[in-house]
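S.K.: Sharing a structure, written as structure tokens. Questions coming.
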Amino acid sequence: MREFPFSDADFERVRKLIYQHAGISLSPVKKDMVYSRLARRLRALNKASFSDYLDSLERNGGDEWERFVNSLTTNLTSFFREPHHFPMLAEHLRKLGTKRPVKIWCSAASTGEEPYSIAMTVAETFGNEVSHVSIIASDLDTNVLATAQKGVYAMDRLEKMSPERLRRFFLRGTGNQDGFAAVRPELKRLIEFKRINLLDASYMVKGPIDVIFCRNVMIYFDKPTQYKILSRFAPMMQPDGLLFAGHSESFLHAADLFKSLGKTVYALSGTR
């Protein structure tokens, strides 16, 4: 027996609302996941049923919209995830050089592992000459962004990191922080964190952008929403800019905007 009534109609209502507010297309098989995640909100707000919760959300949601979206977003990440992308990023950075500003946008920062991996790649490529590089790290979920901004991780999150990278980019905790490591301030200074919904009317990111990481995000959107987002990315990018996608994502339906360079890396159509 479930703690709260949760009908098929309630589930369809949740699917409609999360699509409207975040562009996320929830699969019909996600009913149990939706129940378990939103049940916490019902308990916190003393709601007797999902219909009561959703009525209240639509009537006067306010900050609850943010909590609703945060509850239904998935944040699976790790340092140097999909590692083949980072040598490709380093090669592109070397081509760009140090003569002009370089801008990178990590559009699904989650708890920070991806933007910090990008920042480490920048530092390893340019050494101390990194003042021309800026990284914007954004996410829809304010909870994970707060974790990313802190830049403190349990050591088991860093176990695959090389000893050299650990020494260079992290400070090991002592005392009550034993078992944790913090990203060094000089690395954190490369990154500006922002909350951005990819369905927002404006992205609060100024182009032209040299590199966009949008990995393992598009799988949550249907094809029309994907195309809409990609059509907004394209004019923001430098002519030789690169778009990094997730390993299970393909943008063949947007071939007029982006062309594949292999290994889920894309360039603007009509370039290279």
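The values are calculated or read from the model by the stated rules, or taken from the named source; none is laboratory data. No experiment lies behind these values; they were computed from the predicted model shown. Every residue, glycine as well, gets a Cβ built from its backbone with ideal geometry; the counts of neighbours run over all protein chains shown. We work out accessible area using only protein heavy atoms, side chains counted, and drop any ligands, DNA or RNA first. Shrake-Rupley method; radii C 1.70, N 1.55, O 1.52, S 1.80 Å.
S.K.: How much area per residue is accessible in the chain when the probe is 1.4 Å and only protein heavy atoms are counted (Å²)? Walk me through the numbers before you get to the answer.
M.R.: Details: 13380 Å² over 272 residues.
Solvent-accessible surface per residue comes out at 49 Å².
S.K.: Between 0 and 90 degrees, rounded to the nearest ten: what's the tilt of helix 50-60 against the longest Cα principal axis of the chain?
M.R.: 70
S.K.: Roughly what angle does helix 223-233 make with the longest principal axis of the chain, taking Cα atoms, 0 to 90 degrees, to the nearest 10?
M.R.: Result, in degrees: 40.
S.K.: Tell me the volume per residue, in Å³, of the convex hull enclosing the alpha carbons of the stretch 1-98. If you can, show how the numbers build up before the last one.
M.R.: Working: hull volume 16.3 nm³, N = 98.
Considering the Cα atoms of the stretch 1-98, their hull volume per residue is 166 Å³.
S.K.: Moving on to the next point. Return, for the Cα atoms of the stretch 124-272, the radius of gyration and Dmax in Å, separated by a comma.
M.R.: Looking at the stretch 124-272, its Cα Rg and Dmax stand at 17.7, 56 Å.
S.K.: Only four residue types carry charge here, +1 at the Cβ of Lys and Arg and -1 at the Cβ of Asp and Glu. Report the dipole size of the stretch 56-199 about the Cα centre in Debye, rounded to the nearest 20.
M.R.: On the way: 20 positive and 18 negative charges, 120 e Å.
That gives the stretch 56-199 a dipole magnitude of about 580 debye.
S.K.: If you average the alpha carbon positions of the stretch 185-229 and of the stretch 95-174, how far apart do those two centres end up, in angstrom?
M.R.: The stretch 185-229 and the stretch 95-174 have Cα centres spaced 16 Å from each other.
S.K.: What is the packing order of peptides 190-198, 176-184, taking the mean over residues of other C-beta atoms within 10 Å and listing the highest first? If you can, show how the numbers build up before the last one.
M.R.: Numbers: 190-198: 18.3, 176-184: 14.0.
Highest mean packing first, the order is 190-198, 176-184.
S.K.: May I pose another question? Sequence-distant or interchain residues sharing an amide H contact under 5 Å with Phe193, placed H: which?
M.R.: Amide H neighbours of Phe193, under 5 Å, 5+ apart: Ala137.
S.K.: Calculate the dipole size of the stretch 125-272 relative to its Cα centre from +1 charges on Lys and Arg beta carbons and -1 charges on Asp and Glu beta carbons; express the result in debye to the nearest 20. Could you put the intermediate results ahead of the total?
M.R.: On the way: 20 positive and 15 negative charges, 34 e Å.
Using Cβ point charges on Lys, Arg, Asp and Glu, the stretch 125-272 gives about 160 debye.
S.K.: With percent of Cα pairs over 33 Å apart in mind, check (i) 15; (ii) 34; (iii) 28 and report the label derived from this structure.
M.R.: Of the listed options (i) 15; (ii) 34; (iii) 28, (iii) comes from this structure.
S.K.: Tally the DSSP beta bridges in the chain and give the antiparallel ones as a percent, rounded to 5.
M.R.: Antiparallel bridges make up about 40 percent of those DSSP assigns within the chain.
S.K.: Could you order peptides 214-221, 230-237 by the average number of other Cβ atoms within 10 Å of their residues, highest first? Walk me through the intermediate numbers first.
M.R.: Working: 214-221: 20.9, 230-237: 17.2.
Top of the packing list down: 214-221, 230-237.
S.K.: Could you list, in their original order, any pairs among Lys103/Lys188; Lys103/Lys194; Lys223/Lys259; Lys103/Lys223; Lys103/Lys206 whose Cα atoms are separated by more than 19 Å?
M.R.: Numbers: Lys103/Lys188 15 Å; Lys103/Lys194 15 Å; Lys223/Lys259 16 Å; Lys103/Lys223 27 Å; Lys103/Lys206 9 Å.
Distance filter (> 19 Å) returns Lys103/Lys223.
S.K.: Which of the listed residues, Gly207, Tyr19, Pro224, is farthest toward the dipole's positive end in the chain, when Lys, Arg count +1 and Asp, Glu count -1 at the beta-carbon?
M.R.: Gly207
S.K.: For the chain, with the dipole built from +1 on Lys and Arg beta-carbon atoms and -1 on Asp and Glu ones, taken about the Cα centre, which of Phe258, Ala137, Pro101 lies farthest toward the positive end?
M.R.: Pro101
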